[in-house]
Every structure is written in structure tokens, then in C-alpha cells.
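Structure, as C-alpha cells:
The values are calculated or read from the model by the stated rules, or taken from the named source; none is laboratory data. Note that this is a predicted model, so its numbers are computed, not measured. Neighbour counts are summed over all protein chains in view; Cβ atoms, including those assigned to glycine, are modelled from backbone coordinates with ideal geometry.
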Amino acid sequence: MKLVVAVIIFSLLNIFSLVNSCPPSDRAALIAIKAALNEPYLGIFNSWTGNDCCHNWYGVSCDPEVHRVSDINLRGESEDPIFEKAHRTGYMTGTISPAICQLTWLSSLTIADWKDISGTIPACITSLRFLRILDLIGNKLSGELPGDIGRLSRLTVLNVADNQLTGRLPRSLTNLSSLMHLDLRNNLLRGTIPRNFGKLRMLSRALLSRNRLQGQIPNSISYIYRLSDLDLSLNQLSGTIPPSLGKMAVLATLNLDGNKISGTIPPTLVNSRVGTLNLSKNALEGNIPDAFGPRSYFTVLDLSYNQLRGSIPKSIVSATFIGHLDVSHNHLCGPIPAGAPFDHLEASSFVYNDCLCGKPLRAC
Ligand SMILES: *[C@@H]1O[C@H](CO)[C@@H](O)[C@H](O)[C@H]1NC(C)=O
Ligand SMILES: *[C@@H]1O[C@H](CO)[C@@H](O)[C@H](O)[C@H]1NC(C)=O
């Protein structure tokens, strides 16, 4: 009798653990992913062994209800004890296997900061319809973003910064209607920013700096109510700054430095919610707008290396705060206003102009 009970309990446990373990197809996909990568220093894949990939496989988590792999989280720079023990950050070579696309329940894929993972982003990744987070920052991925990336209707985070991606921004990109965080910085992307970029209504951060983007800043960007951080710096953008950017509800950081932007500085921009404004190294002309007011609160206001003329406007002393000001390397002239926002500034903020004078430069 005791034996029978023991056998029954044993079989129940067996069934239980079977139900809990990942399906063989998910396991096979993970094994193929492991085989395409080479991680020589930490041994993070040593745990990817045995049948139950849902338990104790480093960086792998499963959905507790359907028992499918839902999360792959492999970060080369992390606080995990495995890194502290090895006294080094992560390093991997190899590629991201298209087997990843067989993990059809995947909602979060992070393979970040491994420095030397190369190859392309598997195009089939756009078939992962539950994908919410795609974070492949800090590798050596090349090739193009998948053309039909817009199919990922649940995607909230797309971070492929610090790679070597080429080609244009896919036209379908603006179909990512759940996207909140877009980070494409430091790649080799070219072409224009889609005119209908403003369709990305959920976006709060759009970081596209250090690429080879050309053409105009689309007006439609100003329709993105939640956008707080727009970084288009160090591209080859031309045309003028849309004045509507200065009317945005929560835009706090606007970096357009290092482009070929011309025209004048819209007055809306100096009396807006923007607190970090870098327009340095462009071809901006005309005067610094005389439109500062108590709403002007700048931790950074960098207008250096342009073709600005006229004097520094008197209204600038009505700004509530200006932490770092740089108007150097322009064609400004006349007395530097005296007032609280200017008391702490050094000569380097004003040098290389035509005829600025007064504290902290020489007397007028
Ligand atoms: C964007 O989505 C719409 C609606 O699903 C579709 O008709 C259109 O072809 C998509 N655009 C691109 C460029 O994929
Ligand atoms: C503004 O942009 C220029 C050019 O990219 C850069 O050199 C400078 O450090 C930036 N200014 C600030 C205050 O970050």
C-alpha cells in the first residue's frame, strides 16, 4: 500500500515538473541561440543545460501560465555577482540566431552591451507578435532594421544604439503605435526622418543622434504630446527648426547640435518647457530671439558655432535660471547684459564673437 502511494506521488511530481518545464521546441531554440554565440569569460551559458529551460537558465524566464519562454535578458554590463566575481564586463562574439523567432511567446529580448556580437538582426523577429522590448544596444550588429518592423504592434522599447546598422529608417517604423522609447544613436543610418514621424503618439524619448540622417526635421514631431527628449544631434539634417517644437507640452531636452540646420532660432524655443537646448555647430542666422521670460529655465543653452548676429537680447536677464550658456563662435556684438543669470558665467561662454564687451569680457 505504502509503495503504491509512493508511486502515485512520484508520478504526480513527474507530471507536475513536466507541465512546468519549457516545451522541447523552446528549449531547442535556446540551444541554437547558445550555439551561435561565444561567451568566453563568464560562463553564463553553462546554466543552459538540462531539459527545464524555465528554471535556472541564466537570463531566461517563462510565462508562469503557458510555460513558454517570455523573457531573455542577457546584459554584458550588470551588477550581477557573476560579473563581480570575474572582475570584468561582458564580451561575446557570434551572431543572434534566427532560431530566436521560434520563441513565439517572447515579450522581452535583451542582448545588450556584449561589444562584439555581429551579423544582422534576424528579419523574422517581426513575427514575434508579443514582443514589447527589443534591446540590442552595444554590440556590433550590421545590416538594416527589418523593413516590416512596424508589425510589432506591442513594441514599447526599441533600442539598437551603439551598433553598425546601415540603410534607411524603415517606412513602417511609424506604425509602431505603442512605441515609447526609440534609441537608434550611434549607428550608420542614412536617409530622412519619415515625414509622418508624429504618428508615434506614445513616444517619450526619440534618440537618433550620431547617424547620417539628412533632410528636414518633420513638423509632425510636435504632435507627439508625450515627447520629453528629442536628440537628433550629429547628423546631416538641414532646413529650419519647426517653431512648433517650442510649443510642446513636455519637451525638456532638445539636441540639434552638429547638423546643417539654417534659418533663425524660433522665439518660441527660448520661452518654452525646454531646459536643455543645444543648437551648437549649425548654420543658424539672425538674432538670438528677444523672447526670454520667467518660463525660461535652462540648465544648458548652447548656441555656439553658428552665424548669429546682433546683440545678446535684454530679455535674457528675465530668465529664471541659466546654468550653462555658450554663445561663443558667432558674430555677436554689443554689451553683455548684467543680471543674475549672468553672474556666474565665464569669458569662455562669450569668446570668438565680433565685438561683445562687458563683464566677463573686457569693458565696453
Ligand atoms: C502601416 O499599417 C497600416 C495599417 O495596418 C498598413 O496598411 C500599412 O501598410 C503599414 N505601413 C507600412 C509602411 O508598413
Ligand atoms: C553641444 O553640442 C556640441 C556639438 O555637438 C558639443 O560639443 C557640446 O559639448 C554640447 N554642449 C553641451 C553643454 O553639452
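The single residue among L301, L256 that is surrounded by 17 or more Cβ atoms within 10 Å (Cβ to Cβ), out of contact with any Ser or Thr (no Cβ under 8 Å at 6 or more places or on another chain) and under 22 Å from S209 (Cβ atoms) turns out to be L301.
It is to be established whether one or more residues within the stretch 202-221 are within 23 Å of A291 (Cβ to Cβ) and aliphatic (A, V, I, L, M). Yes, some residue in the stretch 202-221 is within 23 Å of A291 (Cβ to Cβ) and aliphatic (A, V, I, L, M).
Condition (residue is in a strand (DSSP E or B), at pLDDT 95 or above, more than 16 Å from ligand 2 (Cβ to nearest atom) and not hydroxyl-bearing (S, T, Y)) applied to the stretch 218-235: is it met by at least one residue? There is no residue in the stretch 218-235 that is in a strand (DSSP E or B), at pLDDT 95 or above, more than 16 Å from ligand 2 (Cβ to nearest atom) and not hydroxyl-bearing (S, T, Y).
The selection criterion, being within 16 Å of ligand 2 (Cβ to nearest atom), of a type outside the set (K, R) and outside any loop (DSSP other than H, G, I, E, B), does not hold for L284. So, of the residues in the stretch 300-328 that are polar (S, T, N, Q) and touching an Asp or Glu at 6+ places or on another chain (Cβ under 7 Å), which turns out to be farthest from ligand 1 (Cβ to nearest atom)? The selected residue is S315. Look at the stretch 225-250: where a residue is in contact (Cβ under 8 Å) with a residue 40 or more places away in the chain and a partner is assigned to a loop (DSSP other than H, G, I, E, B) and among the charged types (D, E, K, R), sitting 6+ places away or on another chain with Cβ atoms under 6 Å, you get S233/D257. You will find that of P341, P337, P360, the residue that is within 25 Å of L251 (Cα to Cα) and without any contact (Cβ under 8 Å) to a residue 40 or more places away in the chain is P341 and no other. Within the set P341, P289, P337, the sole residue that is at pLDDT below 95 and either more than 25 Å from G246 (Cα to Cα) or away from ligand 2 (no atom under 16 Å from the Cβ) (or both) turns out to be P337. Looking at the stretch 270-298, which of the residues that are buried (at least 22 other Cβ atoms within 10 Å of the Cβ) and of a type in the set (A, V, I, L, M) is farthest from the chain's Cα centre (by Cα)? Checking each candidate, the answer is I288. Selection of the stretch 313-364 for residues being part of a loop (DSSP other than H, G, I, E, B) and of a type in the set (A, V, I, L, M) yields A319, V327, L332, I336, A338, L345, V351, L361, A363. Residues of the stretch 267-282 include none that is away from ligand 1 (no atom under 16 Å from the Cβ) and farther than 27 Å from G215 by Cα. The sole residue among L182, L188, L173, L155 that is part of a loop (DSSP other than H, G, I, E, B) and surrounded by 21 or more Cβ atoms within 10 Å (Cβ to Cβ) is L155.
Restricting the stretch 130-152 to residues that are small (G, A, S) and over 11 Å from S172 (Cβ atoms), the residue that is farthest from ligand 2 (Cβ to nearest atom) is G143.
Rundown of residues vs (1) modelled with pLDDT of 95 or more; (2) buried (at least 16 other Cβ atoms within 10 Å of the Cβ), yes/no style:
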residue	(1), (2)
Y41	no, no
T49	yes, no
H55	no, no
V66	no, no
I96	yes, yes
A123	yes, yes
S127	yes, no
R132	yes, yes
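A quick yes/no check of all residues on (1) away from ligand 1 (no atom under 15 Å from the Cβ); (2) surrounded by 19 or more Cβ atoms within 10 Å (Cβ to Cβ); (3) β-branched (V, I, T); (4) not in a strand (DSSP E or B):
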site	(1), (2), (3), (4)
I111	yes, yes, yes, no
S142	yes, no, no, yes
G147	no, no, no, yes
Q164	yes, no, no, yes
S177	no, no, no, yes
